[in-house]
Amino acid sequence: MTRAHFITHVLALGFAALPQLVFAQAQIDASPESAAREHARIAAERSQASATFAQEEKACYAKFAVTDCLTDVRRRQRVVMADLKRQEVSLNDAERKRKAAEQASRLEQRNDSKREESAEAKMQSSLRSQQEREQRAAGKSADRAAAQASEAMNRESFEARKQSSAAKQLARDEKASQAAQERQRFETKQLEAEENRKRRETSRQNSGKPKAQPLPVPTN
């Protein structure tokens, strides 16, 4: 194989890899599996290029212009290796961006979840506060109703005691009035009996009869 033919062959290999590079660049953002395939492709091409250029360097030592041959091989090797390195850097950069986007998405999802949990917690807290206010209002209403009922019962009890006291006082007054009337009747009978006795005594004295015994005192 002549030098010119060999160089043409190597350049053809390099150009043949360009469609793969374009396809790889279009696919590196697709998935982690695609990125892994691209890493494997780059590693395989790097290994193949290293082996190819090593053979070329070995062949240079059989030529007359060894230095020129080695310089040309190593120049082309740097170009191919630099291109593979560029592909690798682009792939790594795309992977970092994808991972950063995935992390940002996970963080956003966690934030959304936290916001939803916070909103749910606020809603539950608001509901509990509303229920507590309603319970307090109901408790106050029940307390007012109980106080009003107790006040009504106290008034009824007071009125009942008042009426009972008035009835007892009326009964005592009636009893005292009856007692006074009984005393009055007793005293009246006593006076009448005394007057009757005096009349009989006067009549007896006038008639000369023995003195009559006094009438017994009536008992009530």
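The values are calculated or read from the model by the stated rules, or taken from the named source; none is laboratory data. Keep in mind that this is a model prediction, so the values were computed, not measured. With ideal geometry, Cβ positions are generated from the backbone for all residues, glycine too; neighbour counts draw on all protein chains shown. All accessible areas refer to the heavy atoms of the entire protein, side chains included, with ligands and DNA or RNA removed. Shrake-Rupley method; radii C 1.70, N 1.55, O 1.52, S 1.80 Å.
Here is how the numbers come out for the structure above:
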quantity: Subset of segment 61-75 [in contact with a helix residue (DSSP H, G or I) (Cβ under 6 Å, 6 or more places away or on another chain) and in contact (Cβ under 8 Å) with a residue 12 or more places away in the chain]; calculated: Lys63, Cys69, Leu70, Val73
quantity: Within segment 96-139, tally of residues that are touching a residue at least 24 places away in the same chain (Cβ under 8 Å) and open to solvent by less than 100 Å² (accessible area, probe 1.4 Å); calculated: 1
quantity: The listed residue being in contact (Cβ under 8 Å) with a residue 60 or more places away in the chain, within 19 Å of His39 (Cβ to Cβ) and assigned to a helix (DSSP H, G or I), out of Leu84, Leu91; calculated: Leu91
quantity: Residue satisfying all of: in segment 142-159; open to solvent by less than 60 Å² (accessible area, probe 1.4 Å) and of a type in the set (S, T, N, Q); nearest to the chain's Cα centre (by Cα) among these; calculated: Ser150
quantity: Top-ranked residue of segment 27-81 - restricted to ones that are under 30 Å from Lys99 (Cβ atoms) and part of a loop (DSSP other than H, G, I, E, B), ranked as least open to solvent (accessible area, probe 1.4 Å); calculated: Ile28
